[in-house]
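Notes follow the structure.
The values are calculated or read from the model by the stated rules, or taken from the named source; none is laboratory data. Worth saying up front: this structure is predicted, and the values here are computed from it rather than measured. Counting neighbours? That spans all protein chains shown, and the Cβs are built from the backbone with ideal geometry, glycine included.
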Amino acid sequence: MQRPTPHISTSIMSRMSIFENTATRRHSLAEHSIDTMMSMSTSPPATPTGVQTDAEGLILPKKLINPCIENTDRKELHRELKFNARIGKSVLNQKSELQRAYEKQKERHAAAIEQHSPEAELAGLKGELGRVIMERAQKHGAAQKQDAEDDDERQYVNPEYLNVRAKLRTAHAPN
């Protein structure tokens with residue numbers, strides 16, 4: 001059996017030699033049974049291979065593996081985010097505060113214009129009532145157009161009528 005590395009303490013090495021020697025010696029069973037029972041109960045178990053120990057034989061702690069950081073999907077995502085940040089691409093479609101304020105102002109302006117339009121007022125009325133109101137509004141608009149045309153015809157005077165009237169005035173005018 002090979003000897004362990006020299007950085008193990010002498011007390012551990014002496015305990016290990018007891019185990020090695022007991023296996024190779026062929027002494028009487030009565031003598032060694034007491035010795036081996038006592039040595040087994042007082043000695044710590046042998047250290048597994050690959051474990052680092054310090055000069056006193058104590059096991060050195062090793063850094064634990066973080067599965068989140070070691071995850072390949074996370075590494076790829078992080079690499080892509082760093083690349084996009086370096087070239088200035090907004091991955092999350094984040095806008096600056098100025099852009100957000102400008103869009104909010106545009107939305108308010110569009111809503112205010114829509115509120116003041118007559119179609120928006122009528123669109124608010126639903127169903128049959130809205131349809132009847134629209135029909136009456138159209139009839140009223142058509143009646144106003146007809147009245148305007150009639151007024152234009154009333155103001156139109158026949159030129160012959162004006163000539164005859166002018167002659168009659170001159171004939172009956174007192175001289």
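The single condition from (1) surrounded by 10 or more Cβ atoms within 10 Å (Cβ to Cβ); (2) in a loop (DSSP other than H, G, I, E, B); (3) not hydroxyl-bearing (Ser, Thr, Tyr) that residue 174 fails is (1). If we scan segment 37-49, do we find a residue that is modelled with pLDDT of 60 or more and either under 30 Å from residue 137 (Cβ atoms) or surrounded by fewer than 10 Cβ atoms within 10 Å (Cβ to Cβ) (or both)? Checked segment 37-49: at least one residue is modelled with pLDDT of 60 or more and either under 30 Å from residue 137 (Cβ atoms) or surrounded by fewer than 10 Cβ atoms within 10 Å (Cβ to Cβ) (or both).
Here residue 52 meets the list (1) surrounded by 10 or more Cβ atoms within 10 Å (Cβ to Cβ); (2) more than 30 Å from residue 12 (Cα to Cα); (3) at pLDDT below 90 almost entirely, failing just condition (2).
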